[in-house]
Amino acid sequence: MEARRLTQFARGGGCACKIPAGELEQLVAGLHRGHNSPSPWSAEVLVGLDDGDDAAAVQVRDGLAVLSTADFFTPVVDDAYDWGRIAAANALSDVYAMGGTPVMAINLVGWPRELLPMELLREVLRGGLDVATEAGCPVIGGHSIDGPEPIYGMAVTGTADPERLLRNDAAEAGLPISLTKPLGLGVLNNRHKATGETSAEAVAVMTTLNRDASSAAVAAGARAATDVTGFGLLGHLFKMGRASGVAARVDAAAVPYVTGAREALAAGHVPGGSRRNLDWVRPHLAVALGVDEEELILLADAQTSGGLLVVGEVPGAPIVGETVPAGSLGPGVVVEVV
């Protein structure tokens with residue numbers, strides 16, 4: 001099993017294989033009914049497709065919202081067990097990014113049965129189960145297909161207090177921006193796919209649950225947050241600023257990175273998704289003198305199972321910027337990097 005490099009069985013890897021954000025927004029435009037639709041719903045929709053939040057939220061009764069999300073991707077590392085752990089932590093993160101608690105998960109699997117042994121898939125599922133168990137979230141069944149590429153993830157159901165949801169559209173100007181995990185996972189995963197070199201630190205970051213960060217953000221009174229995944233820090237911050245009607249200033253020097261990320265970038269290990277993220281955000285981006293293109297690529301780097309980006313101060317997490325009034329950075333500018 002060790003001799004089989006799972007990353008070689010997929011075109012992309014992790015959240016870097018997402019459909020580009022701009023294409024996705026065009027694709028789903030008009031394919032949902034807003035909250036004020038005349039169509040009757042069985043529960044009140046609190047968070048839907050409108051602002052690209054991490055999970056959907058409906059209120060089923062006073063004081064209780066149900067969260068629902070799904071996330072899956074192709075192998076981001078060659079170790080099957082670690083890939084399962086990373087994919088599970090990433091799927092659970094969508095619930096934590098909304099300030100919720102996961103209560104149930106089901107597996108989502110695509111597997112090339114004629115190319116890869118089923119024993120490897122068992123290791124993937126074992127990894128996912130172990131991380132879900134750590135989260136206190138039972139994994140109950142799932143769905144699988146025989147497909148051309150290995151794919152794994154989870155659909156997760158969670159609960160939250162509807163009055164304390166962390167949302168994309170709730171950011172206010174004049175607050176600090178906290179980041180709870182270092183960046184650089186995309187370039188390090190790209191290096192791993194190209195060379196086989198493993199970053200134990202990157203695996204540790206990707207398998208760390210965002211549970212404690214979420215609890216700390218809610219306890220601190222934060223109202224706006226998202227997790228930093230396939231659209232990079234700049235992409236997710238742009239989406240939040242646009243949804244909330246605010247702008248954001250990022251202090252590039254304050255952003256933490258996993259060890260080796262800059263070296264991986266210098267060696268040319270850049271996911272295509274990271275470049276697409278930067279191209280998507282660039283029309284709404286202002287860049288100070290001294291901030292070069294490589295710095296911007298790292299800030300747009302497509303992360304897998306990244307940390308939370310919280311508007312507000314989270315104890316123990318670095319402050320990487322601040323929110324400012326919309327329009328204060330220039331016409332059309334939503335994010336400024338200094």
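Could you list all residues from segment 240-256 that are crowded, with 18+ Cβ neighbours inside 10 Å and either on the phi > 0 side of the Ramachandran plot or not polar (S, T, N, Q) (or both)?
Residues of segment 240-256 that are crowded, with 18+ Cβ neighbours inside 10 Å, as a first pass: 240-244, 246-250, 252, 255.
Met240, Gly241, Arg242, Ala243, Val246, Ala247, Ala248, Arg249, Val250, Ala252, Val255 - these are the residues of segment 240-256 that are crowded, with 18+ Cβ neighbours inside 10 Å and either on the phi > 0 side of the Ramachandran plot or not polar (S, T, N, Q) (or both).
Among the residues of segment 74-111, those identified as among the small types (Gly, Ala, Ser) and either free of Cβ contacts under 8 Å to residues at least 24 places away in the same chain or not in a helix (DSSP H, G or I) (or both) are Ala97, Gly99, Gly100, Ala105, Gly110.
Give the residues of segment 189-208 that are under 16 Å from Asp301 (Cα atoms) and in contact with an Asp or Glu (Cβ under 7 Å, 6 or more places away or on another chain), sorted by residue number. Give the derivation first.
In the first step, residues of segment 189-208 are kept if they are under 16 Å from Asp301 (Cα atoms); the result is 189-193, 202, 205-206.
Residue satisfying the conditions is Arg191 alone.
For segment 158-176, the criterion of being part of a helix (DSSP H, G or I), among the hydrophobic types (A, V, I, L, M, F, W, C) and surrounded by fewer than 23 Cβ atoms within 10 Å (Cβ to Cβ) is met by no residue. If we scan segment 129-138, do we find a residue that is closer than 17 Å to Met206 by Cα, in contact (Cβ under 8 Å) with a residue 24 or more places away in the chain and not aliphatic (A, V, I, L, M)? Looking for residues that are closer than 17 Å to Met206 by Cα, in contact (Cβ under 8 Å) with a residue 24 or more places away in the chain and not aliphatic (A, V, I, L, M), one finds at least one in segment 129-138, hence yes.
Within segment 296-325, residues that are within 19 Å of Gly272 (Cβ to Cβ) have Cβ atoms under 7 Å from residues that are at pLDDT 95 or above and of a type in the set (Asp, Glu) in these pairs: Gly306/Asp227, counting only partners at least 6 apart in sequence or on another chain. Looking across Glu114, Glu123, one residue alone is surrounded by fewer than 24 Cβ atoms within 10 Å (Cβ to Cβ) and part of a helix (DSSP H, G or I). It is Glu123. Tally time: how many residues in segment 258-308 are part of a strand (DSSP E or B) and crowded, with 24+ Cβ neighbours inside 10 Å? So the answer is 1.
The values are calculated or read from the model by the stated rules, or taken from the named source; none is laboratory data. In this text the structure is predicted, and so the values were computed from the model without any measurement. Glycine also receives a Cβ, built like all others from the backbone with ideal geometry; neighbour counts cover every protein chain displayed.
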